[in-house]
1. Can you say whether Pro203 is part of a loop (DSSP other than H, G, I, E, B), more than 29 Å from Val173 (Cα to Cα) and either within 20 Å of the chain's Cα centre (by Cα) or not basic (Lys, Arg) (or both), as far as the supplied structure shows?
2. If I ask for residues that are in a helix (DSSP H, G or I) and surrounded by fewer than 24 Cβ atoms within 10 Å (Cβ to Cβ), which ones from the range 1-16 would you list?
3. Which of the residues spanning the range 362-374 are closer than 25 Å to Leu62 by Cβ and either among the β-branched types (Val, Ile, Thr) or surrounded by 22 or more Cβ atoms within 10 Å (Cβ to Cβ) (or both)?
4. In this structure, is Val358 in a helix (DSSP H, G or I) and either surrounded by fewer than 24 Cβ atoms within 10 Å (Cβ to Cβ) or touching a strand residue (DSSP E or B) at 6+ places or on another chain (Cβ under 6 Å) (or both)?
5. Condition (residue is farther than 30 Å from Val273 by Cα and out of contact with any Cys (no Cβ under 8 Å at 6 or more places or on another chain)) applied to the range 143-163: is it met by at least one residue?
6. List the number of the failed condition for Ala26; all other conditions in (1) crowded, with 24+ Cβ neighbours inside 10 Å; (2) modelled with pLDDT under 90 hold.
7. Go over the candidates Ala160, Ala96, Ala152 one by one and state the one that is crowded, with 19+ Cβ neighbours inside 10 Å, at pLDDT 80 or above, under 19 Å from Tyr37 (Cβ atoms) and hydrophobic (A, V, I, L, M, F, W, C).
8. In the range 227-253, which residues are among the hydrophobic types (A, V, I, L, M, F, W, C), farther than 12 Å from Leu307 by Cβ and surrounded by fewer than 24 Cβ atoms within 10 Å (Cβ to Cβ)?
Amino acid sequence: MRRLLPSTATADAPRLIGTRAARGFADGIASVLLASYLSRLGFSPVQIGAVATATLLGSALLLLAVGLLGHRFPRRTVLLASAVLMCVTGIAFYLATGFWALLIVAFIGTLNPSSGDVTLFLPTEQAVLAEAAAPADRTRLFAWYNLAGAFAGALGSLAAGLPDALAPGNSAVYAERTAFLVYAALGAFSALAYRKLSPAVEPPPATEAAPLARSRGVVLELAALFSLDSFGGGLAIQSIVALWLFRRFAVPVSEVGAIFFAVNLLAAFSQLVSARIAARIGHVRTMVFTHLPSNVFLVLAGVMPTLPLAALFLLLRAMLSQMDVPARQAYVMAMVPREERAAAASVTNVPRSLASAVAPLLAGAFLQNSLFGWPLVCAGLIKAGYDLALFAKFAQRKPLEAGG
(Lines give C-alpha, C1' and ligand atoms only; values in the text may rest on other atoms or scores of the structure.)
Protein backbone atom coordinates (compact mmCIF):
# COMPACT_ATOMS: atom_id res chain seq x y z
CA MET A 1 0.00 0.00 0.00
CA ARG A 2 2.78 2.47 0.90
CA ARG A 3 4.21 2.18 -2.63
CA LEU A 4 0.89 3.27 -4.15
CA LEU A 5 0.50 6.30 -1.90
CA PRO A 6 2.18 9.69 -2.47
CA SER A 7 5.83 9.78 -1.39
CA THR A 8 4.99 12.40 1.24
CA ALA A 9 2.42 10.15 2.96
CA THR A 10 3.18 9.30 6.59
CA ALA A 11 2.95 5.86 8.22
CA ASP A 12 -0.50 6.76 9.58
CA ALA A 13 -1.98 7.11 6.08
CA PRO A 14 -2.14 3.36 5.26
CA ARG A 15 -3.59 2.63 8.71
CA LEU A 16 -6.43 5.09 8.12
CA ILE A 17 -7.00 3.69 4.64
CA GLY A 18 -7.18 0.22 6.20
CA THR A 19 -9.82 1.26 8.72
CA ARG A 20 -11.79 2.98 5.95
CA ALA A 21 -11.71 -0.29 3.99
CA ALA A 22 -12.92 -2.30 6.99
CA ARG A 23 -15.74 0.16 7.56
CA GLY A 24 -16.60 0.13 3.85
CA PHE A 25 -16.91 -3.66 3.82
CA ALA A 26 -19.14 -3.53 6.90
CA ASP A 27 -21.31 -0.79 5.39
CA GLY A 28 -21.55 -2.71 2.09
CA ILE A 29 -22.99 -5.73 3.89
CA ALA A 30 -25.31 -3.73 6.13
CA SER A 31 -26.70 -1.38 3.46
CA VAL A 32 -27.80 -4.27 1.21
CA LEU A 33 -29.00 -6.62 3.95
CA LEU A 34 -30.83 -3.97 5.98
CA ALA A 35 -33.83 -3.77 3.64
CA SER A 36 -33.95 -7.55 3.11
CA TYR A 37 -33.50 -8.41 6.79
CA LEU A 38 -36.11 -5.94 8.01
CA SER A 39 -38.52 -7.09 5.29
CA ARG A 40 -38.11 -10.69 6.48
CA LEU A 41 -38.90 -9.51 10.01
CA GLY A 42 -42.20 -8.17 8.65
CA PHE A 43 -41.37 -4.45 8.57
CA SER A 44 -43.22 -2.24 6.07
CA PRO A 45 -41.37 0.06 3.61
CA VAL A 46 -42.23 3.03 5.85
CA GLN A 47 -40.79 1.25 8.90
CA ILE A 48 -37.64 0.35 6.94
CA GLY A 49 -37.36 3.99 5.88
CA ALA A 50 -37.80 5.04 9.51
CA VAL A 51 -34.90 2.81 10.62
CA ALA A 52 -32.71 4.25 7.85
CA THR A 53 -33.76 7.76 8.91
CA ALA A 54 -32.83 6.98 12.52
CA THR A 55 -29.34 5.83 11.50
CA LEU A 56 -28.69 9.03 9.57
CA LEU A 57 -30.22 11.33 12.19
CA GLY A 58 -28.19 9.72 14.96
CA SER A 59 -25.03 9.92 12.86
CA ALA A 60 -25.66 13.62 12.29
CA LEU A 61 -25.86 14.34 16.00
CA LEU A 62 -22.74 12.26 16.70
CA LEU A 63 -20.93 14.08 13.89
CA LEU A 64 -21.88 17.41 15.43
CA ALA A 65 -20.66 16.33 18.85
CA VAL A 66 -17.34 15.02 17.50
CA GLY A 67 -16.72 18.08 15.37
CA LEU A 68 -17.53 20.67 18.01
CA LEU A 69 -16.27 18.86 21.12
CA GLY A 70 -13.82 16.34 19.72
CA HIS A 71 -10.95 18.86 19.68
CA ARG A 72 -10.99 18.71 23.48
CA PHE A 73 -9.93 15.05 23.41
CA PRO A 74 -7.01 13.22 21.78
CA ARG A 75 -7.89 12.23 18.23
CA ARG A 76 -6.86 8.63 18.83
CA THR A 77 -9.24 8.45 21.81
CA VAL A 78 -12.13 9.76 19.68
CA LEU A 79 -11.44 7.19 16.97
CA LEU A 80 -11.12 4.34 19.47
CA ALA A 81 -14.45 5.28 21.08
CA SER A 82 -16.07 5.38 17.65
CA ALA A 83 -14.77 1.89 16.84
CA VAL A 84 -16.09 0.52 20.14
CA LEU A 85 -19.52 2.00 19.38
CA MET A 86 -19.42 0.33 15.95
CA CYS A 87 -18.72 -3.01 17.62
CA VAL A 88 -21.59 -2.54 20.10
CA THR A 89 -23.94 -1.53 17.26
CA GLY A 90 -23.33 -4.80 15.39
CA ILE A 91 -23.93 -6.89 18.52
CA ALA A 92 -27.11 -4.97 19.38
CA PHE A 93 -28.50 -5.39 15.85
CA TYR A 94 -27.85 -9.12 16.18
CA LEU A 95 -29.69 -9.36 19.51
CA ALA A 96 -32.69 -7.08 18.84
CA THR A 97 -35.57 -7.96 16.50
CA GLY A 98 -38.41 -5.59 17.48
CA PHE A 99 -39.08 -2.39 15.55
CA TRP A 100 -38.66 0.04 18.45
CA ALA A 101 -35.54 -1.68 19.76
CA LEU A 102 -33.91 -1.61 16.32
CA LEU A 103 -34.99 2.01 15.83
CA ILE A 104 -33.23 3.01 19.06
CA VAL A 105 -30.09 1.05 18.19
CA ALA A 106 -30.09 2.59 14.71
CA PHE A 107 -30.29 6.08 16.22
CA ILE A 108 -27.57 5.57 18.84
CA GLY A 109 -25.22 3.40 16.80
CA THR A 110 -23.05 3.67 13.71
CA LEU A 111 -25.00 1.61 11.16
CA ASN A 112 -24.77 3.19 7.70
CA PRO A 113 -27.53 2.47 5.13
CA SER A 114 -25.72 4.31 2.34
CA SER A 115 -22.69 3.49 0.20
CA GLY A 116 -20.80 6.57 1.45
CA ASP A 117 -19.26 7.28 4.83
CA VAL A 118 -21.62 9.38 6.97
CA THR A 119 -20.53 8.11 10.37
CA LEU A 120 -18.89 9.81 13.35
CA PHE A 121 -15.46 8.57 12.19
CA LEU A 122 -15.55 11.11 9.39
CA PRO A 123 -14.47 14.45 10.95
CA THR A 124 -11.50 13.06 12.87
CA GLU A 125 -10.27 10.74 10.14
CA GLN A 126 -10.47 13.48 7.51
CA ALA A 127 -8.62 15.94 9.75
CA VAL A 128 -5.84 13.39 10.40
CA LEU A 129 -5.63 12.31 6.77
CA ALA A 130 -5.39 15.92 5.58
CA GLU A 131 -2.15 16.19 7.55
CA ALA A 132 -0.75 12.80 6.49
CA ALA A 133 0.72 14.11 3.22
CA ALA A 134 1.90 17.34 1.63
CA PRO A 135 -0.88 19.71 0.45
CA ALA A 136 -0.07 19.00 -3.21
CA ASP A 137 -0.69 15.27 -2.60
CA ARG A 138 -3.83 15.66 -0.49
CA THR A 139 -6.43 15.05 -3.21
CA ARG A 140 -4.57 11.93 -4.36
CA LEU A 141 -4.42 10.64 -0.78
CA PHE A 142 -8.15 11.26 -0.30
CA ALA A 143 -8.75 9.43 -3.59
CA TRP A 144 -6.96 6.33 -2.28
CA TYR A 145 -8.82 6.64 1.02
CA ASN A 146 -12.18 6.71 -0.74
CA LEU A 147 -11.10 4.04 -3.23
CA ALA A 148 -10.36 1.67 -0.36
CA GLY A 149 -13.75 2.33 1.21
CA ALA A 150 -15.68 2.01 -2.04
CA PHE A 151 -13.82 -1.11 -3.22
CA ALA A 152 -14.32 -2.81 0.14
CA GLY A 153 -17.94 -1.66 0.06
CA ALA A 154 -18.35 -3.39 -3.31
CA LEU A 155 -16.99 -6.62 -1.83
CA GLY A 156 -19.31 -6.19 1.14
CA SER A 157 -22.30 -5.78 -1.16
CA LEU A 158 -21.34 -8.99 -2.95
CA ALA A 159 -20.88 -10.80 0.36
CA ALA A 160 -24.38 -9.68 1.39
CA GLY A 161 -25.77 -12.31 -0.97
CA LEU A 162 -24.04 -15.17 0.87
CA PRO A 163 -26.60 -15.57 3.71
CA ASP A 164 -29.42 -16.02 1.19
CA ALA A 165 -27.33 -18.43 -0.91
CA LEU A 166 -26.19 -20.50 2.06
CA ALA A 167 -29.53 -20.56 3.88
CA PRO A 168 -32.38 -19.96 1.40
CA GLY A 169 -35.99 -19.73 2.46
CA ASN A 170 -37.18 -19.11 6.00
CA SER A 171 -33.76 -19.76 7.54
CA ALA A 172 -32.27 -16.82 5.58
CA VAL A 173 -33.39 -14.38 8.27
CA TYR A 174 -31.09 -16.05 10.80
CA ALA A 175 -28.17 -16.05 8.36
CA GLU A 176 -28.71 -12.35 7.59
CA ARG A 177 -28.93 -11.62 11.30
CA THR A 178 -25.53 -13.27 11.85
CA ALA A 179 -23.98 -10.88 9.31
CA PHE A 180 -24.26 -8.11 11.92
CA LEU A 181 -21.70 -9.98 14.01
CA VAL A 182 -19.29 -9.54 11.09
CA TYR A 183 -20.05 -5.82 11.30
CA ALA A 184 -19.15 -5.90 15.01
CA ALA A 185 -15.91 -7.80 14.33
CA LEU A 186 -14.79 -5.17 11.82
CA GLY A 187 -15.40 -2.51 14.46
CA ALA A 188 -13.05 -4.40 16.77
CA PHE A 189 -10.45 -4.59 13.99
CA SER A 190 -10.66 -0.82 13.53
CA ALA A 191 -10.08 -0.28 17.23
CA LEU A 192 -6.87 -2.30 17.05
CA ALA A 193 -5.68 -0.29 14.05
CA TYR A 194 -6.40 3.05 15.75
CA ARG A 195 -4.28 2.01 18.75
CA LYS A 196 -1.25 1.91 16.42
CA LEU A 197 -1.62 5.49 15.20
CA SER A 198 1.42 7.64 15.94
CA PRO A 199 1.48 10.69 18.26
CA ALA A 200 1.80 12.83 15.11
CA VAL A 201 -1.96 12.53 14.52
CA GLU A 202 -2.57 14.92 17.40
CA PRO A 203 -2.78 18.63 16.54
CA PRO A 204 -0.48 21.21 18.10
CA PRO A 205 -1.60 22.84 21.38
CA ALA A 206 -4.88 24.63 20.91
CA THR A 207 -4.74 28.25 19.92
CA GLU A 208 -7.09 30.96 21.14
CA ALA A 209 -9.14 30.70 17.98
CA ALA A 210 -12.48 28.92 18.41
CA PRO A 211 -13.58 26.26 15.92
CA LEU A 212 -14.58 27.95 12.64
CA ALA A 213 -13.47 31.38 13.85
CA ARG A 214 -11.72 32.23 10.57
CA SER A 215 -13.60 29.97 8.16
CA ARG A 216 -17.14 30.14 9.51
CA GLY A 217 -18.59 31.97 6.49
CA VAL A 218 -17.27 29.70 3.74
CA VAL A 219 -17.95 26.55 5.76
CA LEU A 220 -21.58 27.51 6.37
CA GLU A 221 -22.06 28.31 2.67
CA LEU A 222 -20.63 24.94 1.70
CA ALA A 223 -22.69 23.19 4.38
CA ALA A 224 -25.91 24.67 3.01
CA LEU A 225 -25.14 23.47 -0.51
CA PHE A 226 -23.97 20.04 0.65
CA SER A 227 -27.20 19.60 2.61
CA LEU A 228 -29.23 20.09 -0.58
CA ASP A 229 -27.16 17.42 -2.32
CA SER A 230 -27.49 15.12 0.67
CA PHE A 231 -31.26 15.46 0.89
CA GLY A 232 -31.47 14.29 -2.69
CA GLY A 233 -28.98 11.53 -2.01
CA GLY A 234 -30.98 10.37 1.00
CA LEU A 235 -33.86 9.51 -1.31
CA ALA A 236 -31.60 7.04 -3.13
CA ILE A 237 -29.28 5.61 -0.47
CA GLN A 238 -28.20 2.04 -1.14
CA SER A 239 -30.74 0.47 1.24
CA ILE A 240 -33.60 2.36 -0.45
CA VAL A 241 -32.44 1.46 -3.96
CA ALA A 242 -32.14 -2.18 -2.82
CA LEU A 243 -35.70 -2.03 -1.44
CA TRP A 244 -36.91 -0.55 -4.73
CA LEU A 245 -35.23 -3.35 -6.70
CA PHE A 246 -36.75 -5.97 -4.38
CA ARG A 247 -40.26 -4.57 -4.80
CA ARG A 248 -40.16 -3.31 -8.40
CA PHE A 249 -38.47 -6.28 -10.06
CA ALA A 250 -38.71 -9.03 -7.37
CA VAL A 251 -34.92 -9.42 -7.44
CA PRO A 252 -33.32 -11.88 -4.96
CA VAL A 253 -30.78 -10.58 -2.47
CA SER A 254 -27.88 -12.32 -4.23
CA GLU A 255 -28.62 -10.47 -7.51
CA VAL A 256 -29.01 -7.13 -5.76
CA GLY A 257 -25.69 -7.75 -4.03
CA ALA A 258 -24.07 -8.48 -7.40
CA ILE A 259 -25.50 -5.28 -8.88
CA PHE A 260 -24.16 -3.19 -6.00
CA PHE A 261 -20.83 -4.98 -6.21
CA ALA A 262 -20.47 -3.72 -9.79
CA VAL A 263 -21.86 -0.28 -8.87
CA ASN A 264 -19.45 0.22 -5.98
CA LEU A 265 -16.52 -1.22 -7.92
CA LEU A 266 -16.99 1.33 -10.70
CA ALA A 267 -17.42 4.09 -8.15
CA ALA A 268 -14.25 3.00 -6.38
CA PHE A 269 -11.90 3.16 -9.34
CA SER A 270 -13.46 6.33 -10.71
CA GLN A 271 -12.15 8.20 -7.66
CA LEU A 272 -8.56 7.71 -8.75
CA VAL A 273 -9.38 9.60 -11.93
CA SER A 274 -10.85 12.38 -9.80
CA ALA A 275 -7.44 13.44 -8.46
CA ARG A 276 -6.02 13.82 -11.98
CA ILE A 277 -9.02 15.78 -13.20
CA ALA A 278 -8.94 18.07 -10.15
CA ALA A 279 -5.26 18.80 -10.77
CA ARG A 280 -6.16 20.03 -14.26
CA ILE A 281 -9.48 21.82 -13.95
CA GLY A 282 -9.83 22.46 -10.20
CA HIS A 283 -11.89 20.98 -7.39
CA VAL A 284 -15.23 22.66 -8.03
CA ARG A 285 -15.28 21.95 -11.76
CA THR A 286 -14.38 18.33 -11.05
CA MET A 287 -17.28 18.08 -8.62
CA VAL A 288 -19.84 19.60 -10.97
CA PHE A 289 -18.74 18.23 -14.35
CA THR A 290 -18.78 14.64 -13.08
CA HIS A 291 -21.71 14.84 -10.68
CA LEU A 292 -24.26 16.46 -12.99
CA PRO A 293 -24.25 13.70 -15.68
CA SER A 294 -24.44 11.04 -12.98
CA ASN A 295 -27.67 12.57 -11.71
CA VAL A 296 -29.17 12.40 -15.19
CA PHE A 297 -28.39 8.67 -15.22
CA LEU A 298 -30.05 8.32 -11.80
CA VAL A 299 -33.27 9.84 -13.11
CA LEU A 300 -33.17 7.52 -16.12
CA ALA A 301 -32.62 4.47 -13.90
CA GLY A 302 -35.78 5.32 -11.98
CA VAL A 303 -37.99 5.37 -15.08
CA MET A 304 -36.69 2.20 -16.75
CA PRO A 305 -39.31 -0.57 -17.22
CA THR A 306 -36.95 -3.56 -16.93
CA LEU A 307 -34.23 -4.69 -14.54
CA PRO A 308 -31.42 -4.82 -17.16
CA LEU A 309 -32.07 -1.22 -18.22
CA ALA A 310 -32.36 0.02 -14.63
CA ALA A 311 -29.13 -1.78 -13.73
CA LEU A 312 -27.40 -0.32 -16.80
CA PHE A 313 -28.16 3.26 -15.80
CA LEU A 314 -27.22 2.57 -12.18
CA LEU A 315 -23.85 1.36 -13.48
CA LEU A 316 -23.44 4.39 -15.74
CA ARG A 317 -24.24 6.61 -12.80
CA ALA A 318 -21.67 4.79 -10.65
CA MET A 319 -18.91 5.60 -13.12
CA LEU A 320 -19.31 9.29 -12.26
CA SER A 321 -21.26 9.70 -9.04
CA GLN A 322 -18.35 9.42 -6.57
CA MET A 323 -15.71 11.31 -8.52
CA ASP A 324 -16.67 14.46 -6.69
CA VAL A 325 -15.95 13.00 -3.23
CA PRO A 326 -12.11 13.31 -3.05
CA ALA A 327 -12.26 16.74 -4.67
CA ARG A 328 -14.93 17.89 -2.22
CA GLN A 329 -13.08 16.60 0.83
CA ALA A 330 -9.75 18.09 -0.27
CA TYR A 331 -11.43 21.39 -1.19
CA VAL A 332 -13.04 21.76 2.26
CA MET A 333 -9.76 20.92 4.02
CA ALA A 334 -7.87 23.42 1.84
CA MET A 335 -10.40 26.21 2.47
CA VAL A 336 -9.84 26.28 6.25
CA PRO A 337 -6.78 26.60 8.55
CA ARG A 338 -5.39 23.45 10.13
CA GLU A 339 -6.81 23.99 13.61
CA GLU A 340 -10.35 24.28 12.22
CA ARG A 341 -10.33 21.23 9.95
CA ALA A 342 -12.06 18.76 12.28
CA ALA A 343 -14.81 21.30 13.00
CA ALA A 344 -15.11 22.11 9.29
CA ALA A 345 -15.43 18.42 8.40
CA SER A 346 -18.14 18.06 11.02
CA VAL A 347 -20.08 21.22 10.21
CA THR A 348 -20.09 20.46 6.48
CA ASN A 349 -21.15 16.85 7.10
CA VAL A 350 -23.71 17.34 9.89
CA PRO A 351 -26.21 19.28 7.73
CA ARG A 352 -25.66 16.66 5.03
CA SER A 353 -26.61 13.90 7.47
CA LEU A 354 -29.56 15.85 8.87
CA ALA A 355 -30.85 16.64 5.40
CA SER A 356 -30.47 13.04 4.25
CA ALA A 357 -32.04 11.69 7.45
CA VAL A 358 -35.57 12.77 6.55
CA ALA A 359 -35.33 11.50 2.99
CA PRO A 360 -35.40 7.68 3.51
CA LEU A 361 -38.69 7.94 5.42
CA LEU A 362 -40.13 9.90 2.50
CA ALA A 363 -38.69 7.38 0.03
CA GLY A 364 -40.25 4.54 2.02
CA ALA A 365 -43.65 6.25 1.77
CA PHE A 366 -43.15 6.57 -2.01
CA LEU A 367 -42.37 2.86 -2.32
CA GLN A 368 -45.23 1.79 -0.09
CA ASN A 369 -47.69 3.52 -2.40
CA SER A 370 -46.04 2.98 -5.79
CA LEU A 371 -43.49 0.67 -7.42
CA PHE A 372 -42.35 3.46 -9.75
CA GLY A 373 -38.86 4.81 -9.09
CA TRP A 374 -39.99 8.14 -7.62
CA PRO A 375 -37.17 8.18 -5.03
CA LEU A 376 -34.52 7.91 -7.77
CA VAL A 377 -36.18 10.49 -10.04
CA CYS A 378 -36.60 13.06 -7.28
CA ALA A 379 -33.07 12.41 -6.01
CA GLY A 380 -31.53 13.01 -9.42
CA LEU A 381 -33.41 16.27 -9.99
CA ILE A 382 -32.56 17.70 -6.54
CA LYS A 383 -28.90 16.75 -6.81
CA ALA A 384 -28.67 18.32 -10.26
CA GLY A 385 -29.95 21.56 -8.75
CA TYR A 386 -27.15 21.38 -6.18
CA ASP A 387 -24.54 20.98 -8.91
CA LEU A 388 -25.69 24.13 -10.70
CA ALA A 389 -25.83 26.14 -7.45
CA LEU A 390 -22.35 24.98 -6.39
CA PHE A 391 -20.83 25.98 -9.71
CA ALA A 392 -22.47 29.40 -9.63
CA LYS A 393 -21.25 30.12 -6.09
CA PHE A 394 -17.79 28.58 -5.89
CA ALA A 395 -16.37 28.10 -9.38
CA GLN A 396 -14.16 31.19 -9.04
CA ARG A 397 -13.26 30.87 -5.34
CA LYS A 398 -9.74 29.62 -4.61
CA PRO A 399 -8.59 27.55 -1.61
CA LEU A 400 -6.18 28.87 1.01
CA GLU A 401 -3.48 26.37 -0.04
CA ALA A 402 -2.39 26.37 -3.67
CA GLY A 403 -1.91 22.60 -3.71
CA GLY A 404 -5.01 21.80 -1.68
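The values are calculated or read from the model by the stated rules, or taken from the named source; none is laboratory data. What you are looking at is a predicted structure, and each value in this text was computed from that prediction instead of being measured. Glycine gets a Cβ as well: all are built from the backbone with ideal geometry, and neighbour counts include every protein chain shown.
1. Numbers: part of a loop (DSSP other than H, G, I, E, B): yes; more than 29 Å from Val173 (Cα to Cα): yes; either within 20 Å of the chain's Cα centre (by Cα) or not basic (Lys, Arg) (or both): yes.
When the stated conditions are applied, Pro203 passes them.
2. So in the range 1-16, the residues in a helix (DSSP H, G or I) come out as 12-16.
Asp12, Ala13, Pro14, Arg15 - these are the residues of the range 1-16 that are in a helix (DSSP H, G or I) and surrounded by fewer than 24 Cβ atoms within 10 Å (Cβ to Cβ).
3. Within the range 362-374, the first condition is being closer than 25 Å to Leu62 by Cβ, and the residues that meet it are 362-364.
Residues satisfying the conditions are Ala363, Gly364.
4. Working: in a helix (DSSP H, G or I): yes; either surrounded by fewer than 24 Cβ atoms within 10 Å (Cβ to Cβ) or touching a strand residue (DSSP E or B) at 6+ places or on another chain (Cβ under 6 Å) (or both): yes.
Spelling it out, Val358 is indeed in a helix (DSSP H, G or I) and either surrounded by fewer than 24 Cβ atoms within 10 Å (Cβ to Cβ) or touching a strand residue (DSSP E or B) at 6+ places or on another chain (Cβ under 6 Å) (or both).
5. Initial filter on the range 143-163 (farther than 30 Å from Val273 by Cα): 162-163.
In the following step, the residues that additionally are out of contact with any Cys (no Cβ under 8 Å at 6 or more places or on another chain) were identified as 162-163.
Yes.
6. (2)
7. Numbers: Ala96 fails: crowded, with 19+ Cβ neighbours inside 10 Å; Ala152 fails: under 19 Å from Tyr37 (Cβ atoms).
From the options Ala160, Ala96, Ala152, the qualifying one is Ala160.
8. Across the range 227-253, the qualifying residues are Leu228, Phe231.
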